[in-house]
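Chemist: Please read through the structure below; I'll follow up with questions.
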Amino acid sequence: MPDTPRVLAVQNGANGGPGRFGEWLDAAGVAVDVVTAFDGSALPARLEHDGLLVLGGGYLPDDDDKAPWLPATRALVEQALARSAPFFGICLGGQMLASVGGGKVQGDAGAPEHGSTSITMRAEAADDVVFGGLPAAVPAIENHIDAVTALPPGAVWLAETERCPYQAFRLGDRAWGVQFHPEVGPERIRKWDVEHTRRRGLDVDELYAAAVTDDPISRAAWGEVASRFAAVVKGESVKEERLRRHRG
């Protein structure tokens with residue numbers, strides 16, 4: 001029996017684990033090895049996993065003074081790109097992909113986004129093996145003030161919002177970055193700082209209720225994205241992965 005493909009996940013904050021994205025990968029036959037880099041756990045110098053997942057965190061990609069593990073994380077992203085290892089970056093992870101690839105990321109850029117937000121798929125997403133065929137708009141939880149302000153050369157722009165245009169993109173054939181949080185459900189909002197959220201003119205209870213309403217569509221779409229990414233890691237086509245899940 002062949003070995004189970006494994007993805008290395010870099011966790012950049014105490015509440016920033018792989019969440020349901022990791023559960024979906026596991027259900028699709030891809031194991032997730034989490035390194036809690038934020039607490040001092042050492043990252044490998046070489047990427048020997050079958051893929052790489054870099055999660056969110058309250059940092060810019062080059063905030064090395066605040067987060068001393070970021071240089072090692074960037075080195076892993078560079079290795080993934082160099083060897084065409086499947087990569088998926090979420091929030092900070094997506095920004096890091098943009099930065100490493102030659103794009104630009106800016107702190108406190110544009111209008112912030114918090115809570116369940118409608119993500120609009122662009123025409124370019126239609127042919128993408130991970131994002132193709134999704135509904136025209138899919139809700140996802142956002143919680144950021146930093147943003148990608150210029151995509152890397154050659155990147156394919158896949159999804160957008162009015163406030164933050166670069167919500168999803170692909171670099172090369174096997175690396176994806178997103179600004180939103182497909183890995184979290186409405187329950188994450190309950191962990192937000194109530195007073196901090198209120199100072200932004202928002203109410204945690206209202207944000208939570210909206211996310212609960214949106215979650216069935218969100219869960220279905222981002223679960224599909226995770227299973228398609230798993231298929232890339234496993235070297236399968238999306239069609240093969242769908243047949244496998246149907247038989248299961």
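The values are calculated or read from the model by the stated rules, or taken from the named source; none is laboratory data. Here the structure is a predicted model, which means the values were calculated and not measured. Reconstructed Cβ throughout: ideal geometry from the backbone, glycine too, with neighbour counts over all protein chains shown. What goes into the accessible areas is simple: the full protein's heavy atoms, side chains included, and nothing from ligands, DNA or RNA. Shrake-Rupley method; radii C 1.70, N 1.55, O 1.52, S 1.80 Å.
Chemist: Mind checking which residues of the stretch 49-64 are in contact (Cβ under 8 Å) with a residue 12 or more places away in the chain and part of a loop (DSSP other than H, G, I, E, B)?
Modeler: Answer for the stretch 49-64, where residues must be in contact (Cβ under 8 Å) with a residue 12 or more places away in the chain and part of a loop (DSSP other than H, G, I, E, B): His49, Asp50, Leu55, Gly56, Gly57, Gly58, Tyr59, Leu60, Pro61, Asp62.
Chemist: Of all residues in the stretch 176-227, which are hydrophobic (A, V, I, L, M, F, W, C) and assigned to a loop (DSSP other than H, G, I, E, B)?
Modeler: Phe180, Val184, Trp192, Leu202 - these are the residues of the stretch 176-227 that are hydrophobic (A, V, I, L, M, F, W, C) and assigned to a loop (DSSP other than H, G, I, E, B).
Chemist: Can you tell me which condition Asp33 does not meet? The list is (1) more than 17 Å from Phe180 (Cβ to Cβ); (2) touching a Gly at 6+ places or on another chain (Cβ under 8 Å); (3) not in a loop (DSSP other than H, G, I, E, B), and all the others hold.
Modeler: (2)
Chemist: When only residues in the stretch 110-134 that are assigned to a loop (DSSP other than H, G, I, E, B) and β-branched (Val, Ile, Thr) count, which is surrounded by the fewest Cβ atoms within 10 Å (Cβ to Cβ)?
Modeler: Ranking the candidates gives Val129 first.
Chemist: Can you tell me which residue in the stretch 135-164 is nearest to Leu60 (Cα to Cα), limited to those that are assigned to a loop (DSSP other than H, G, I, E, B), open to solvent by 30 Å² or more (accessible area, probe 1.4 Å) and at pLDDT 95 or above?
Modeler: My answer is Leu151.
Chemist: Something else: So, of the residues in the stretch 21-60 that are under 18 Å from Phe87 (Cβ atoms) and touching a Lys or Arg at 6+ places or on another chain (Cβ under 7 Å), which turns out to be surrounded by the most Cβ atoms within 10 Å (Cβ to Cβ)?
Modeler: Across the stretch 21-60, the extreme among qualifying residues is Val30.
Chemist: Determine whether Arg228 is in contact with an Asp or Glu (Cβ under 8 Å, 6 or more places away or on another chain), crowded, with 17+ Cβ neighbours inside 10 Å and among the charged types (D, E, K, R).
Modeler: yes
Chemist: Determine the pairs where a residue that is basic (Lys, Arg), located within the stretch 77-101, has a partner that is modelled with pLDDT of 95 or more with Cβ atoms under 8 Å apart, the partner being 6 or more residues away or on another chain.
Modeler: Between residues of the stretch 77-101 that are basic (Lys, Arg) and residues that are modelled with pLDDT of 95 or more, the close pairs are Arg83/Leu47.
Chemist: I've got another one for you. Which one of these does Asn15 not meet: (1) in contact with an Asp or Glu (Cβ under 9 Å, 6 or more places away or on another chain); (2) surrounded by fewer than 20 Cβ atoms within 10 Å (Cβ to Cβ); (3) touching a residue at least 40 places away in the same chain (Cβ under 8 Å)?
Modeler: (1)
Chemist: If we keep just the residues of the stretch 86-107 that are touching a Gly at 6+ places or on another chain (Cβ under 6 Å) and part of a loop (DSSP other than H, G, I, E, B), which is farthest from Glu236 (Cα to Cα)?
Modeler: The residue in question is Cys91.
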